[in-house]
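Taking it in order: structure first as structure tokens, then the write-up.
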Amino acid sequence: MGRLTYVAAVLTAGFVTVVLAGCGTTRIVTVAQSTAASSTTSSSGHNELTLGDTATLAGERSGERLGVTLLSYRSTITVGEYDTPDSGMKYVGVVLKIKNVGTAPYSDSPSNGATILTASGRQGKTTIIASGECSEGFASGVKIAPGESQEGCIPFELPQEDVAAKLQWTPASGFGEETAEWSISSGATAPAGGSGKSSVPNTAKQNTSASSAATPTLDALNGYWSDIAAHRFSGAYDYLVPDSVKMTESQFVASEQESHIESAQFRGHVESSSGSSATVEVVSLITRDKQYGCRKWSGSYEMSDEGGGWLIERANLSPQPCSA
């Protein structure tokens, strides 16, 4: 297996139906047109956007139009040693993909237009963290040319006892006339990462993504990349088929430490599965390290069911610079 270093997510969905909200001029986008026929209906009578759905929103200026996808909700996020939430609060994160589908360049601070609504009716507050998986700069500033896209994590603080119910996002730092609203259910929550080898066996690591019940093969990869991003390299080693990497655990950990990984984001889908073998295609894998900077990876993983859970048998990956 080639050197496995570095998580992310990418998703596309369909178009949107726009409904008028209240008496003002703000319109709430609540449903992707391609999934409208099968979506569940909310108590307000509207079909709901959920994880993976894309809302198409008008910006503030002429020619600004955006396809915005809620890729994942993270009930916990990794942060640096000096990052501490306020008393009684906890850190969470949302991962968005913003694609410029208009004709004008788009510049924004995505966190300014983001709001989490909790189950108790309160609002979470966006925050700034110095390091960790939601510190890459996406929240504070993006510049996107027509046809291009960017994705990243926006960190929030929520009350410890509360849970996220909805995400609202408005273009132009909250001054746009259209707001997308996604439902966040507990079943769709994607925690930040797996546990290390010493505390949790592989069978217990299969709860690291929204697809835990349906696609355990993806859970292993999500857990692997979560551990890599959080520098839990011993935990990542547990997701590898024994002897698939010609390294001991200590050698693997030392090798990964030398890479100086700064961030990693992964998303894939199961291309084929037969018995105890499966192939997962990489939909998006974006990594950043001190030596190579930002890289996008393409290819696939060969997975094996070892009885106690799915593990990575082989990685067939090739990188290119993010700017390519």
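The values are calculated or read from the model by the stated rules, or taken from the named source; none is laboratory data. For clarity, every value in this text was computed on a predicted model and none was experimentally measured. Ideal geometry is used to build each Cβ from the backbone, glycine not excepted, and the neighbour counts take in all protein chains shown. Note: accessible area is taken over every heavy atom of the protein model, side chains too, but ligands, DNA and RNA are not part of it. Shrake-Rupley method; radii C 1.70, N 1.55, O 1.52, S 1.80 Å.
A few notes on this one:
- Residues in region 277-303 that are crowded, with 19+ Cβ neighbours inside 10 Å and over 22 Å from the mean Cα position of the chain (by Cα): 278 only.
- In the set (1) over 29 Å from residue 291 (Cβ atoms); (2) of a type in the set (Ser, Thr, Tyr); (3) within 21 Å of the chain's Cα centre (by Cα), the condition left unmet by residue 274 is number (3).
- Whether a residue is at pLDDT below 90, aromatic (Phe, Trp, Tyr) and over 16 Å from residue 168 (Cβ atoms) was assessed, and residue 82 passes this test.
- Where helices (runs of 4 or more DSSP H) sit wholly within region 192-269, those with at least 1 residues that are among the acidic types (Asp, Glu) and either within 20 Å of the chain's Cα centre (by Cα) or at pLDDT 85 or above (or both) occupy 216-229, 249-259.
- Subset of region 177-191 [of a type outside the set (Ser, Thr, Tyr), at pLDDT 90 or above and over 15 Å from the mean Cα position of the chain (by Cα)]: 178, 180, 181
- Condition met for residue 154 (closer than 24 Å to residue 56 by Cα and either outside any loop (DSSP other than H, G, I, E, B) or in contact with a Ser or Thr (Cβ under 7 Å, 6 or more places away or on another chain) (or both)): yes
- Test result for residue 272, closer than 15 Å to residue 218 by Cα and open to solvent by less than 70 Å² (accessible area, probe 1.4 Å): yes
- Residue 280 being of a type in the set (A, V, I, L, M, F, W, C) and over 27 Å from residue 76 (Cα atoms): no
- Test: residue in region 96-115 that is charged (D, E, K, R), open to solvent by 70 Å² or more (accessible area, probe 1.4 Å) and not in a strand (DSSP E or B): no
- The listed residues are 140, 87, 72, 131, and the only one of them that is closer than 17 Å to residue 184 by Cα, of a type outside the set (A, V, I, L, M) and open to solvent by 10 Å² or more (accessible area, probe 1.4 Å) turns out to be 72.
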